[in-house]
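Structure record follows, encoded as C-alpha cells.
All of the numbers you see were taken from the coordinates with simple rules; none came from a lab. Here the structure is a predicted model, which is why all the values come from computation and not from measurement. Cβ sites come from the backbone with ideal geometry, for glycine too, and all protein chains shown count toward neighbours.
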Amino acid sequence: MVVVADYHMHTKLSGDSKNDLESIVLKAISIGLKEIAITDHGPAHSGFGVKKSEYVKLRSKIDQLNEKYPQINILLGLEANLLGTDGEIDIDSEMWEIIDWVNAGYHFGSNLSKDFDLHLINLLSKFSKKYYKLAKANNTKSMVNAMRKNKINMLTHPGAKGPIDVDEVAKVAAEVGTLLEINNSHGHLTVEEIKIAMRYPVKFAVCSDAHNIENVGNVSGALDRAYIAGVDGSMIYNVEPKGEIK
Ligand SMILES: [Zn+2]
Ligand SMILES: [Zn+2]
C-alpha cells in the first residue's frame, strides 16, 4: 500500500514555514505523489496567516505549476481557522471562488480579539476540570457547526490544540463527508481517538502538515497509528490500493 497524496503542507506564505512552492512540488513528484494540496494558514491567524492578496496570486502560480508538471495535480488549499463556536471559518467569498481544497482546524493564534473566550477556556482547561468540560463542549461545537455550514474537505489535527468529543465530531464528519486527519506532525488523531471515530463510516487521511521540504509526504507515524488502531486501507482516502495496511 502506498500513499498517493498529501493534503496538508505549508509554504513560506505561512509565517511558520520557509518552503518554496516549486521545491515542494519537486519533492512531492520525487516521492511519487500524484496529488498535493497547498494549505497555508488562513488569514485570521495572527502570527502565521497568509495575506489575502498573496493568496489570490497563489492561484495563478499553482495553475502555472500544474502546466509545467503534468505528472502531479496541485490543489490550491487553505488551512482555515475555526473562529468561535458558530461554525465561522476565515474564507471569504472571493477565496471560495478560487479554492480547490479546504482544511479547517483550531489554532491558538487565530483572531485573538474575536476568539479570546475560546482560547482562554482552552488554556484554563489544562488546570481545571470545569474548564476542561467547557472547552471540550466549545471545541466540539465549533467543529460540528463549521462542518455543517461549510464544505470542508478535511478537519486538521482534531483534538491537538484542545479537547474534543471525538464521537460527536466523527458522527457529523461521516454524515457530511469531511475527512478526519491523522496528522503526522501532531499526535492527533491518537490511536484511541481513531478507534472511537471508527464507530462511524468516516474516512481518514494521513497527512504530513509539512513545514519543511523533507517532511512533504512523510506520513509514516500517522500510518503507524492507523495500523495500531486497526484501520483498513479502504478507510484512508489517500492510499492505494485500498485494503489492509501492511
Ligand atoms: Zn494546524
Ligand atoms: Zn498545518
In percent, what relative contact order does region 171-246 have, based on Cα pairs under 8 Å that are 6 or more apart in sequence?
29 percent
DSSP bridge pairs, the chain: antiparallel proportion in percent, nearest 5:
20 percent
Which is farthest toward the positive dipole end of the chain among Asn218, Asn81, Val144, measuring Cα position about the Cα centre, with Cβ charges +1 (Lys, Arg) and -1 (Asp, Glu)?
Val144
Could you run the Karplus curve 6.51 cos²θ - 1.76 cosθ + 1.60 with θ = phi - 60° over region 95-107 and give me ³J(HN,Hα) per residue in whole Hz, x for Gly and Pro?
6, 4, 5, 10, 7, 9, 8, 10, 9, 9, x, 8, 9
Backbone HN-Hα couplings from phi across region 157-170 [Karplus 6.51/-1.76/1.60, Hz, Gly and Pro as x]
5, x, x, 6, 10, x, x, 9, 8, 4, 4, 5, 4, 5
For the chain, what relative contact order do you get, as a whole percent, if you take Cα pairs closer than 8 Å and at least 6 residues apart?
20 percent
Env charge @ Met95, Cβ radius under 14 Å, K,R +1 / D,E -1, value -4
Rg and Dmax of region 2-240, Cα atoms, in Å?
16.9, 55
Cβ-Cβ cut-off under 13 Å around Gly187, Lys and Arg +1, Asp and Glu -1: the net charge is -3
Just grab the label-to-label distance for Gln71 and Leu124, each label 7 Å out from Cα along the Cβ direction, in nm (one decimal).
5.5 nm
Selected from Gly109, Ile62, Ile91, residue furthest toward positive end of dipole (region 2-240; charges at beta carbon):
Gly109
Take Met143, Met95 and order them by how many other Cβ atoms sit within 10 Å, fewest up front.
Met95, Met143
In percent, what relative contact order does region 98-183 have, based on Cα pairs under 8 Å that are 6 or more apart in sequence?
33 percent
Tell me the mean residue ellipticity at 222 nm calculated for the chain from its helices only (DSSP H runs of n ≥ 4, each -39500 (n - 2.57), averaged over every residue, nearest 500).
-11500 deg cm²/dmol
Can you give the local net charge around Asn238? Use residues other than it whose beta-carbon is closer than 13 angstrom to its beta-carbon, Lys and Arg +1, Asp and Glu -1.
-1
